[in-house]
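As structure tokens, the structure follows; a few thoughts come after it.
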Ligand SMILES: [Zn+2]
């Protein structure tokens with residue numbers, strides 16, 4: 001049994017563990033990391049184990065169930081980034097309005113979540129120090145936090161540029177459908193047959209592989225991953241939803257170059273990865289401009305993609321159910337045959353000068 005902390009704020013409903021630890025540490029001028037070290041915890045993030053949960057509950061004098069409720073879900077589907085936090089500006093503005101402490105929600109740490117369930121706004125990223133400045137730092141006094149939140153709220157609700165393509169609703173509908181399917185599968189619910197005849201575990205495995213393919217750079221030079229290079233019919237529909245960071249990823253160097261959803265904090269990039277998984281897997285798309293059969297979409301969108309990436313994806317398929325692959329997937333090896341050059345693309349990928357196949361859609 002550890003000595004309880006003399007002052008300790010209660011966790012708020014839906015709050016993320018890290019956010020609470022940051023608030024707990026504030027009266028002692030400790031960051032979440034410093035506090036975790038002082039309490040001999042393994043990690044201030046979401047991947048705390050049962051021992052840490054009991055320790056925390058003892059130190060904070062709160063029931064163990066209240067600490068467990070701060071976790072975001074399975075560690076393999078929880079964001080790992082510690083220096084940036086994922087936020088919904090409207091939720092934070094409401095915290096200020098209600099005169100509640102500004103706090104992060106555990107649901108925003110779920111790697112497959114890119115929209116706020118309450119406001120349907122796409123989540124955003126912010127440096128931790130901008131929302132949780134240390135007391136001693138005069139350069140960033142706490143009074144600036146409301147100003148910071150309101151400025152970003154205004155920017156995020158500014159009018160979007162003229163939209164063409166599928167339309168924002170179609171894209172948001174597709175992303176929310178896949179978010180909900182993943183949420184259900186993580187609770188053990190078998191996905192609907194629209195996704196193919198798959199168990200919850202198989203579905204999650206395939207989503208993990210497809211999003212990892214979309215988030216990784218398989219080129220031999222620095223470049224953006226497919227999640228940042230959406231077909232223009234998609235990226236033009238809702239430019240403010242995707243808006244990925246412009247940083248280029250290092251050249252492909254084997255399995256170490258693979259990036260997954262939990263390793264990708266920016267919701268704009270994860271949104272692109274989820275769209276890829278949806279477009280390659282789902283029967284139909286909530287817009288008439290995209291073909292109903294996923295194999296047609298695979299044929300159009302994957303043809304001409306970097307062979308290293310297609311070879312990686314082809315190898316991952318060995319672990320997918322053979323019946324599902326035979327029934328719902330084109331044969332990727334058709335583009336891996338030596339001497340068979342990919343067909344030229346007729347559309348331009350956003351953010352690059354490369355062309356992409358995007359015809360008849
Ligand atoms: Zn919100």
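The values are calculated or read from the model by the stated rules, or taken from the named source; none is laboratory data. On a predicted model such as this, the values are computed, not experimentally measured, just so you know. Here the Cβ positions follow ideal geometry from the backbone for every residue, glycine too, while neighbour counts run over all protein chains shown.
Would you mind stating whether residue 122 is closer than 19 Å to residue 153 by Cβ, modelled with pLDDT under 95 and in contact with a helix residue (DSSP H, G or I) (Cβ under 7 Å, 6 or more places away or on another chain)?
The answer is yes for residue 122.
Please go through (1) more than 8 Å from the ligand (Cβ to nearest atom); (2) closer than 25 Å to residue 74 by Cα; (3) assigned to a loop (DSSP other than H, G, I, E, B) for residue 118 and return the number of the only condition it doesn't satisfy.
(1)
Tally the residues that are farther than 16 Å from residue 298 by Cβ, surrounded by fewer than 19 Cβ atoms within 10 Å (Cβ to Cβ) and either modelled with pLDDT under 95 or under 16 Å from the mean Cα position of the chain (by Cα) (or both), restricting the search to the stretch 191-204.
Qualifying residue count for the region: 3.
Looking for whichever is within 16 Å of the ligand (Cβ to nearest atom) and either modelled with pLDDT of 90 or more or surrounded by fewer than 17 Cβ atoms within 10 Å (Cβ to Cβ) (or both) here; the options are 103, 83. Which one fits?
It is 103.
Quickly run through the stretch 86-100 and pick out the residues that are free of Cβ contacts under 8 Å to residues at least 12 places away in the same chain and near the ligand (Cβ under 9 Å from one of its atoms).
Selection gives 94 alone.
Going by the structure shown, is residue 288 surrounded by fewer than 22 Cβ atoms within 10 Å (Cβ to Cβ) and modelled with pLDDT of 95 or more?
no
Residue under question is residue 322, and the condition is that it be in the same structural domain as residue 272 (by TED's automatic domain parsing) and modelled with pLDDT under 95; does it hold?
For residue 322, the condition - in the same structural domain as residue 272 (by TED's automatic domain parsing) and modelled with pLDDT under 95 - is not met.
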